[in-house]
């Protein structure tokens, strides 16, 4: 099973990606266990967390085949290479940068660039993105997602301002959601994270899983000659 298939299966089983911004390496193993016990197997560790690459490596080693671990806030090709060396399996960015997408694809990882406008969405797909991260999703809401889906035919993950109150609405439309502070924030104990994770996954199961877009196959990269 390749990386795209693992990411697809992860979202189909539980379409919540835990965003662990600010997590410390000493917390990683216990938090991973709590999330897995609740049914969340997709973990994103943003690179602006303390010792993020160490945490990614620990999560990958501890999670084995149970977890799909990636990095967030990835903004340069060098960051992509560092995450690949740490064992990361997907790359999430706050923006649409073709060079980051190209480097992600070249490393055999799943590309999830951030976008807000249709122009950014099409640029990301042309560069080879597999999924699109709508960021920030919360302020724009589901009506905006519906309008985008009239023209953007790719799986969307809603991120930013997504929590227990609006997650269900987004999951009726999107392939998944990324949940950050509503799930984990610095200082949270593993038990607190586990309790929040169980609440979120219970709500998700009531919906019967993810919404209408399913998993992405990505596009053929359109890297210009010499780039």
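Taken together, the values in this text are just the output of simple stated rules run on the coordinates, not laboratory data. Please read these numbers as outputs of a predicted model, since none were measured by experiment. Ideal geometry is used to build each Cβ from the backbone, glycine not excepted, and the neighbour counts take in all protein chains shown.
Computed across the range 1-136, the Kirkwood hydrodynamic radius from all distinct Cα-Cα pairs reaches 14.6 Å. Multiply the residue gap between residue 106 and residue 151 by 0.36 nm, knock off their C-alpha separation, and tell me the result in nm, one decimal place. The span from residue 106 to residue 151 would gain 13.5 nm if fully extended. Extension gain for residue 37-residue 191 works out to 54.3 nm (0.36 nm per residue, less the C-alpha to C-alpha distance).
Give the relative contact order (percent, whole number) for the chain; include only Cα pairs under 8 Å separated by 6+ residues.
Numbers: 490 pairs, mean separation 52.3, N = 227.
It rounds to 23 percent for the chain.
For the range 67-141 versus the range 1-60, the spacing of their alpha-carbon centroids is 16 Å.
Here the Debye sum runs over all C-alpha atoms of the chain as equal scatterers in vacuum, and log10 of I(q)/I(0) at q = 0.08, 0.10, 0.12, 0.13 Å⁻¹ comes out as -0.24, -0.38, -0.56, -0.66.
Per the helix-only calculation at 222 nm, which mean residue ellipticity applies to the chain, given -39500 (n - 2.57) for every DSSP H run of n ≥ 4 and division by its residues, nearest 500 deg cm²/dmol?
Values: 9 runs with 98 residues, N = 227.
Taking each H run of at least 4 residues, the total per residue is -13000 deg cm²/dmol.
With the crude spin-label approximation of a point 7 Å out along Cα→Cβ, what separation in nm comes out for residue 206 versus residue 26? Inter-label distance under the simple model: 3.8 nm.
Label separation (residue 9 vs residue 66): 1.6 nm, computed from points 7 Å beyond Cα along the C-beta direction.
Mean-square fluctuations from a GNM of the chain, with a 10 angstrom spring cutoff on Cα atoms, peak among 26, 38, 175 at 26. Each label point was placed 7 Å from the Cα along the Cα-to-Cβ direction; for residue 126 and residue 78 their separation is 2.8 nm. Compute the Rg to Rh ratio over the range 100-162 from the alpha carbon atoms, using the Kirkwood formula for Rh, and round to two decimal places. Expressed as Rg/Rh, it is 0.98.
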